[in-house]
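Below is one structure, written out as structure tokens, with a few remarks after it.
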Amino acid sequence: MSVTLEELARRVGGEVQGDGECRIDSVGTLIGASAGQISFLSNVRYKRHLKDTQASAVIISPDDLAASEYTGNAIVSQDPYLAYAKVAVQLNPGPPARQGIHASAVVDATAVVHESAWLGPNCVIEANALIGERVQIGAGSVVGEGTAIGADTVLLPNVTLCHGVKIGMRGRIHPGAVIGSDGFGIALDGGRWTKVPQLGSVQIGDDVEIGANTTVDRGAIDSTIIEDGAKLDNQIQIAHNVIVGAHTAIAGCVGIAGSTRIGKHCAIGGGVGIAGHLEIADHVTLTGGTTVLQSIRRSGVYSSGAPVETNQKWHRNYLRIKQLDEMARRLKELESRLLDEAPGNEE
Amino acid sequence: MSVTLEELARRVGGEVQGDGECRIDSVGTLIGASAGQISFLSNVRYKRHLKDTQASAVIISPDDLAASEYTGNAIVSQDPYLAYAKVAVQLNPGPPARQGIHASAVVDATAVVHESAWLGPNCVIEANALIGERVQIGAGSVVGEGTAIGADTVLLPNVTLCHGVKIGMRGRIHPGAVIGSDGFGIALDGGRWTKVPQLGSVQIGDDVEIGANTTVDRGAIDSTIIEDGAKLDNQIQIAHNVIVGAHTAIAGCVGIAGSTRIGKHCAIGGGVGIAGHLEIADHVTLTGGTTVLQSIRRSGVYSSGAPVETNQKWHRNYLRIKQLDEMARRLKELESRLLDEAPGNEE
Amino acid sequence: MSVTLEELARRVGGEVQGDGECRIDSVGTLIGASAGQISFLSNVRYKRHLKDTQASAVIISPDDLAASEYTGNAIVSQDPYLAYAKVAVQLNPGPPARQGIHASAVVDATAVVHESAWLGPNCVIEANALIGERVQIGAGSVVGEGTAIGADTVLLPNVTLCHGVKIGMRGRIHPGAVIGSDGFGIALDGGRWTKVPQLGSVQIGDDVEIGANTTVDRGAIDSTIIEDGAKLDNQIQIAHNVIVGAHTAIAGCVGIAGSTRIGKHCAIGGGVGIAGHLEIADHVTLTGGTTVLQSIRRSGVYSSGAPVETNQKWHRNYLRIKQLDEMARRLKELESRLLDEAPGNEE
């Protein structure tokens, strides 16, 4: 398929510069694009590629356009990345939803599967599961007893939904994700651990994406909750009774311990760790690699961590961290002595 | 089912306050419980909910009870969380063990499967595997060649046990867990990596729980060992030849590098990283997010890491870490000068 | 099988000390080996076991041999670990490649599977997939539409290769690994996240190993690339459009954010986190637990992180990190005062 630049600009609410009739059939990067492709500039790092791009058109902000010598075809937009996203969807509608039940799928007689749904090869649907309209279940995925999946949700292959989980509409769950495994509830009984039954469930809202090999544990008593519009990347661990607020985005390798409540519209960077029983306010950004051991009650950008250095320098500074408290006391002592002695000291 | 408070108290060795005849049918949180439910107080954070709880009874410590105005029904116990765990098991015995082999399961002719075991849909049991009494194998799980699983162990769906692994009795292995994958053994050969065959196995003791998407690699020569009663949460990586001591609990997202030996009765917090070839003593607690690069030879509580701050403040302090060694030297220099000059200085 | 020490020494290019005719049938650790086994010494930590070893022979460096009283049979090699790797392969050739398609495998009619390949129980090969010569596909693994796998590559059980992925020759992909899941591309649209289609692919070179539950996302436009000879351990997250250079080794639990380029011949320790859009030079070593937020343009060894301490001491030092910038300023102030006052101060 191909579309005119004019048409694309109209769809994304941008202004055309240059030839609105030029036809676009696909997207490309500034550096990789060729004739018939449209690219975009949203990250300043890649500005230098603008002058040499072979793309038939570029999506760009008014400021970047003004600051550049670029004179080719463009869609001028205040938010080039969002405009690009819309263009990319327009040019790549994705495969049509499939329908039916593969001969190798195992579906319990008590499961209710909508006739418009698709169940892939070797997937397993257990007793009393509910599979909604146009739901797509990838090969080898398992839907546990009594689990319900809302309309238009897609499970990629080898996803595991445990028993009694609720998944909303228009979700997308990537391979290897596990939803509803037992929370890590154990109690000491004379030096040995006794399992605490995990009796809650997991409730996942609408328009939620769950990344590959991400795990979301079921609650101990109440449920673990991922609210509408939350987006989770790969290899994330969500412990029992965590609440992830609506429209919060969480990058890869994040771990959130039990009963912590993450606010709405938060942005959590890769590799962040958050301790249990904390509250993180709405609109909090945590930069990559941050460890959070206390609640954060105000929106804002927060960070922790130590800088990378050559191993040799790091060793020297690293050991000094163990002396910090002592250094601070010695500094204070020096100040008190010096300020006593210092002539004309008003302090 | 429902049980009297008296009966529950007797089972957990607690004292009844109030109406021992009141009937309990399920558990709830202090804030969420309704009539017929029993709740518990073990975390000080939730004390404030005690006065408003609608639970028919509460499990509470003598001290918390004395310190509160709570006058409702209670089971008074020195360890409310453990008592709750026992009550929860009593009220929620869980589904009965299933028996038989699903028609879609693939079982090698040489595998030995006890008649009381259950093999779920699309699971695969390879040559010479041994499946013990009442073992439950979830849908899509794979049991490798020559692997043995002890009585009453439960594999949830999509678990992978590689070849020649030994799993003890009463274990519970959650979806996506992988036991017995190759250890990461590579040797440089003229700038290229040569694979070092991983010839050991994995031995997992009795009463071990393995979380979702946790990985336990097989040993290089000897075996990787998880001793009796160890409890592992989700997304943990146990490298080749690690030994995890009996009754040690490990929270999510922990990584333990090769040949490290973790003691017995340790508690390892979420996101901890432990380097290879180390020894961690018995009864060591590592708080969440700690990185351990040296052996810990004494029991105790250990931590590392830098505090979370606003991104702005963090930037300033973060850069200073690179100057720490220099700051320490300058501080010492100042002290030597000042202490020389200081009148009446006895140092 | 058993081989003479002489024969093994010839294969690994080492010198025999002692009885070249002694027969070796397997490998063992210095401490665990018995008659008929060969062991090796490459890690100084284990030197102390040399004198007591029951191994029939030991692979050792000339220096370690000279420094020890060991007089038993040996293969003397400049690189004992590499020599051991070769000996271990020699004595443990591994199972022969299987051939054929298990009755329970689901293979799309349009997939092209070489007659020498093996497809295990319940694996799924989707439309237009290409399975090369002698490729081995483990039980329950899924090969997505249009994905191609080069000759002699082995997929262990429950691996997921998404659509349109290219895997080179002689690869080894461990259970639970996911290759080609969507990159984490989202754009804000009035406070809600819109998905950015992930239109690129994943290209994995020859001789690449991918660990258990490791995830490699497909690119947004261009492809994510793992070059020849790279070795990835377990639980690693490779985000969209990352490039991992040839012969780079990455240990477990590493996360690499989008569009970062890792050089060739790098060694990345366990638990390392690397931010997005960075460049890491060739021959860079990152020690375990390091967080990298800026590009590293020179080869060398780099580290970050704070030392483990008792929790009590850590608390005191931890809080001081928040005062570092202020401490540095106070130190400077003291210096300026003192250096003004100091009699005979040459600075």
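Observations
- Counting the residues of region C:90-119 that are assigned to a loop (DSSP other than H, G, I, E, B), in contact with a Ser or Thr (Cβ under 7 Å, 6 or more places away or on another chain) and within 25 Å of residue A:141 (Cα to Cα) gives 0.
- Taken together, the residues in region C:183-201 that are closer than 24 Å to residue B:213 by Cβ and touching a residue at least 40 places away in the same chain (Cβ under 8 Å) amount to 4.
- When residues in region B:272-285 are screened for being surrounded by fewer than 23 Cβ atoms within 10 Å (Cβ to Cβ), part of a loop (DSSP other than H, G, I, E, B) and not small (Gly, Ala, Ser), 4 of them pass.
- One residue stands out in region B:33-51 among those that are modelled with pLDDT under 95 and within 14 Å of chain A (Cβ to nearest Cβ): the one that is surrounded by the fewest Cβ atoms within 10 Å (Cβ to Cβ), namely B:44.
- Which listed residue is closer than 21 Å to residue B:170 by Cα, out of contact with any Leu (no Cβ under 8 Å at 6 or more places or on another chain) and of a type outside the set (Gly, Ala, Ser), from B:210, B:243, B:238: B:243
- Test: residue C:58 is surrounded by fewer than 18 Cβ atoms within 10 Å (Cβ to Cβ) and within 14 Å of another protein chain (Cβ to nearest Cβ): no
- Listing of strands (runs of 3 or more DSSP E) fully contained in region A:1-89 that carry 1 or more residues being more than 22 Å from residue C:195 (Cβ to Cβ): A:15-17, A:57-60, A:74-76
- Matching option when the condition is within 23 Å of residue A:195 (Cβ to Cβ), surrounded by fewer than 24 Cβ atoms within 10 Å (Cβ to Cβ) and within 14 Å of chain A (Cβ to nearest Cβ), among B:205, B:132: B:205
- Residues satisfying the stated conditions in region C:62-105, i.e. away from every other protein chain (no Cβ under 14 Å) and not aliphatic (A, V, I, L, M): C:62, C:63, C:64, C:68, C:69, C:70, C:71, C:72, C:73, C:99, C:100
Condition check ((1) within 22 Å of the chain's Cα centre (by Cα); (2) away from chain A (no Cβ under 14 Å); (3) of a type in the set (S, T, N, Q)) across all residues:
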| position | (1), (2), (3) |
| --- | --- |
| C:115 | no, yes, no |
| C:125 | no, no, no |
| C:142 | no, no, no |
| C:148 | no, yes, no |
| C:151 | yes, yes, no |
| C:155 | yes, no, no |
| C:163 | no, no, no |
| C:170 | yes, yes, no |
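- Of the residues making up region C:186-222, those that are among the charged types (D, E, K, R) and more than 30 Å from residue B:160 (Cα to Cα) are C:189, C:192, C:195, C:222.
- Among the candidates B:189, B:182, B:206, the residue that is within 26 Å of residue A:217 (Cβ to Cβ) and of a type in the set (Asp, Glu) is uniquely B:206.
- Among residues of region C:8-22 that are of a type in the set (S, T, N, Q), those with a beta-carbon under 7 Å from a residue that is not in a helix (DSSP H, G or I) at least six positions away or on a different chain give the pairs C:17/C:73; C:17/C:74; C:17/C:76.
- Contacts under 7 angstrom Cβ, first residue in region A:76-93 being under 10 Å from residue C:188 (Cα atoms), partner at pLDDT below 95 and not in a helix (DSSP H, G or I), 6 or more apart: A:81/A:42
- Some residue of region A:59-73 being farther than 30 Å from residue A:15 by Cα, charged (D, E, K, R), over 24 Å from the mean Cα position of the chain (by Cα) and at pLDDT 95 or above: no
- The listed residues are B:269, B:300, B:245, B:288, and the only one of them that is within 29 Å of residue A:216 (Cα to Cα) and either within 7 Å of another protein chain (Cβ to nearest Cβ) or surrounded by fewer than 15 Cβ atoms within 10 Å (Cβ to Cβ) (or both) turns out to be B:288.
- Subset tally (residues that are facing another protein chain (nearest Cβ under 8 Å) and either touching a residue at least 60 places away in the same chain (Cβ under 8 Å) or part of a helix (DSSP H, G or I) (or both)) for region B:316-341: 17
- Filter result (at the interface with another protein chain (Cβ under 7 Å from one of its Cβ atoms) and either closer than 27 Å to residue C:27 by Cβ or touching a His at 6+ places or on another chain (Cβ under 7 Å) (or both)) within region B:218-233: B:221, B:222, B:229
- Condition check for residue A:213: in contact with a Ser or Thr (Cβ under 6 Å, 6 or more places away or on another chain), within 8 Å of chain C (Cβ to nearest Cβ), at negative phi and crowded, with 24+ Cβ neighbours inside 10 Å: no
- Filtered by the rule that a residue be crowded, with 24+ Cβ neighbours inside 10 Å and assigned to a loop (DSSP other than H, G, I, E, B), region C:135-148 gives C:135, C:138, C:139, C:140, C:141, C:144, C:147.
- In region B:120-134, of all residues being assigned to a loop (DSSP other than H, G, I, E, B) and of a type in the set (A, V, I, L, M), the one that is farthest from residue B:174 (Cα to Cα) corresponds to B:127.
The values are calculated or read from the model by the stated rules, or taken from the named source; none is laboratory data. None of the values given here were measured: they were computed from a predicted structure. When we count neighbours, we look across all protein chains shown, and the Cβ atoms used for this are built from the backbone with ideal geometry, even at glycine.
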